[in-house]
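> Below is the structure I would like to discuss, written out as structure tokens.
Readers should treat all values here as calculations from the given coordinates under stated rules, not as data from a laboratory. Here the structure is a predicted model, which means the values were calculated and not measured. FYI the Cβ positions are ideal-geometry reconstructions off the backbone, even for glycines, and counts take in every protein chain you see.
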């Protein structure tokens, strides 16, 4: 995904963007969306410092099956840096596997 500059300025970092995207896509039907079902989405989002030393983290977020709220975790490694260097700010996974 590529985001507009205004959206990136308003919702800084992967966690802020994730909350906004989840609200935009699931907000009106939040209570009806099964966290383990095909309507839920899983987001892998970089932040503004990803790709700069020491910014090698990425935020993974979605609707939690345990709390039914937004859950997010940060992950270290090369994936966030590679994603950012490829010109992307994130990946949204949809559907059910």
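> Could you list all residues from region 1-22 that are surrounded by 13 or more Cβ atoms within 10 Å (Cβ to Cβ), part of a helix (DSSP H, G or I) and without any contact (Cβ under 8 Å) to a residue 24 or more places away in the chain?
7, 16, 20
> While we're here: Within region 59-82, take every residue that is in a helix (DSSP H, G or I) and in contact with a strand residue (DSSP E or B) (Cβ under 7 Å, 6 or more places away or on another chain) and give me the one that is nearest to residue 12 (Cα to Cα).
Let us first name the residues in region 59-82 that are in a helix (DSSP H, G or I), namely 79-82.
Adding the requirement that they be in contact with a strand residue (DSSP E or B) (Cβ under 7 Å, 6 or more places away or on another chain) leaves 79-80.
On the way: 79: 19, 80: 16 Å.
This residue is 80.
> Can you tell me which residue is surrounded by the most Cβ atoms within 10 Å (Cβ to Cβ) among those in region 23-58 that are more than 19 Å from residue 87 (Cβ to Cβ), touching a residue at least 40 places away in the same chain (Cβ under 8 Å) and in contact with a strand residue (DSSP E or B) (Cβ under 6 Å, 6 or more places away or on another chain)?
Among those residues, the one meeting the criterion is 41.
> Does region 83-97 hold any residues that are in a loop (DSSP other than H, G, I, E, B) and either surrounded by fewer than 13 Cβ atoms within 10 Å (Cβ to Cβ) or touching a strand residue (DSSP E or B) at 6+ places or on another chain (Cβ under 7 Å) (or both), and which are they? Talk me through it step by step, then tell me what you get.
Going through region 83-97, the residues in a loop (DSSP other than H, G, I, E, B) turn out to be 86-89, 94-97.
The answer is 86, 87, 89, 94, 95, 96, 97.
> For residues that are within 17 Å of the chain's Cα centre (by Cα) and farther than 17 Å from residue 15 by Cα, tally how many sit in region 34-50. Give the steps one after another, and end with the answer.
As a first pass, look at region 34-50 and keep what is within 17 Å of the chain's Cα centre (by Cα): 35-36, 38-50.
Now narrow it down to the ones that are farther than 17 Å from residue 15 by Cα: 35-36, 38-39.
The number of residues fulfilling the criteria is 4.
> Being loosely packed, with under 11 Cβ neighbours inside 10 Å and either touching a residue at least 12 places away in the same chain (Cβ under 8 Å) or under 26 Å from residue 96 (Cα atoms) (or both) is true for just one of 62, 77. Which residue is that?
On the way: 62 fails: loosely packed, with under 11 Cβ neighbours inside 10 Å.
Exactly one of 62, 77 is loosely packed, with under 11 Cβ neighbours inside 10 Å and either touching a residue at least 12 places away in the same chain (Cβ under 8 Å) or under 26 Å from residue 96 (Cα atoms) (or both), namely 77.
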